[in-house]
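Notes follow once the structure below has been shown.
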Amino acid sequence: MTKATEILSALNDVAEGRSEVTLGHVNDQIGHRGTGALLAIPAALEITPIGGIPLVPSTLAFIVAIFAVQIAFGREDMWLPGFLERRNISAVKLTNAVDKLRPAAEWSDRHLGKHLHLLTDEPAPRIVAVAILVLCALVPPLELVPFASSIPMGVIVLFGLALVTRDGRVMALAWAASAIALWAVWKLWP
């Protein structure tokens, strides 16, 4: 999958005909075709109102971290432990979140593409995965400040988008945003 709208369509397909969608369903639908998407989707969900529910940001960061570790080690097929694979979300909530993300995905498809390959080709995904692990570690303590956990999760969305679109410009933006996010977190720290 190289387009953001393809990923959102895949998520809608997963939700269709179900009352609840498990992470296992999402992983099966997207799988190895979109490791960047598997990083970006949970992070993007955290930025929606779902991220305001206590412990949801930390849970989503944990899921992202599981994928990031596998990417860092070069694994192509993503694995989830059973207890996470069975975690679910209402199909209606997932569809609503997808609808909120669709305008951004359509913009992405129109304006992003293959630029600055050096920043997205190997070993970039592995290096990005390590940076994402650092960002994930920031999420649990940031839950104490309302919606502050959206700062590192927003950067993870950028990294995931860069990997999905294979656009080095987005990757450069993600690296700059990660530096800004680290500075902002340092300033927010009590």
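Numbers below:
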quantity: Projected label distance in nm at residue 169 and residue 13, using a 7 Å step from Cα toward the beta-carbon; calculated: 2.9 nm
quantity: Estimated Rh, segment 72-144: Kirkwood, alpha-carbon pairs, angstrom; calculated: 16.0 Å
quantity: Value at 222 nm in deg cm²/dmol, rounded to 500, when DSSP H runs of n ≥ 4 in the chain each add -39,500 (n - 2.57); calculated: -22500 deg cm²/dmol
quantity: Accessible surface of segment 1-100 [probe 1.4 Å, protein heavy atoms]: carbon and sulfur percent; calculated: 55 percent
quantity: Net charge dipole size for segment 1-116 [Lys, Arg +1 and Asp, Glu -1 on Cβ; Debye, nearest 20]; calculated: 180 debye
quantity: Two-decimal Rg to Rh for the chain - Kirkwood Rh, Cα set; calculated: 0.94
quantity: Per residue accessible area of the chain, 1.4 Å probe, in Å²; calculated: 51 Å²
quantity: Tail beyond 13 Å, pair distance distribution of segment 42-116 (Cα, percent); calculated: 74 percent
quantity: Burial order of peptide ranges 124-135, 18-29 (average beta-carbon count within 10 Å, highest first); calculated: 124-135, 18-29
quantity: Charge context of residue 91, other residues only, Cβ under 13 angstrom, K/R +1, D/E -1; calculated: -2
quantity: Rg over Rh, two decimals, segment 111-167 (C-alpha only, Kirkwood Rh); calculated: 1.07
quantity: Gaussian network model of the chain, Cα within-10 Å springs - most flexible of 48, 120, 165; calculated: 48
quantity: Residue 93 versus residue 73: modelled label distance in nm, points set 7 Å from Cα along the beta carbon direction; calculated: 3.0 nm
quantity: GNM result for the chain, Cα springs below 10 Å: residue of 112, 55, 94 fluctuating most strongly; calculated: 55
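The values are calculated or read from the model by the stated rules, or taken from the named source; none is laboratory data. Here the structure is a predicted model, which means the values were calculated and not measured. Using ideal geometry, Cβ is built from the backbone for each residue, glycine included, and neighbour counts are taken over all protein chains shown. The accessibility values were calculated without ligands, DNA or RNA, using every heavy atom of the protein model including side chains. Shrake-Rupley method; radii C 1.70, N 1.55, O 1.52, S 1.80 Å.
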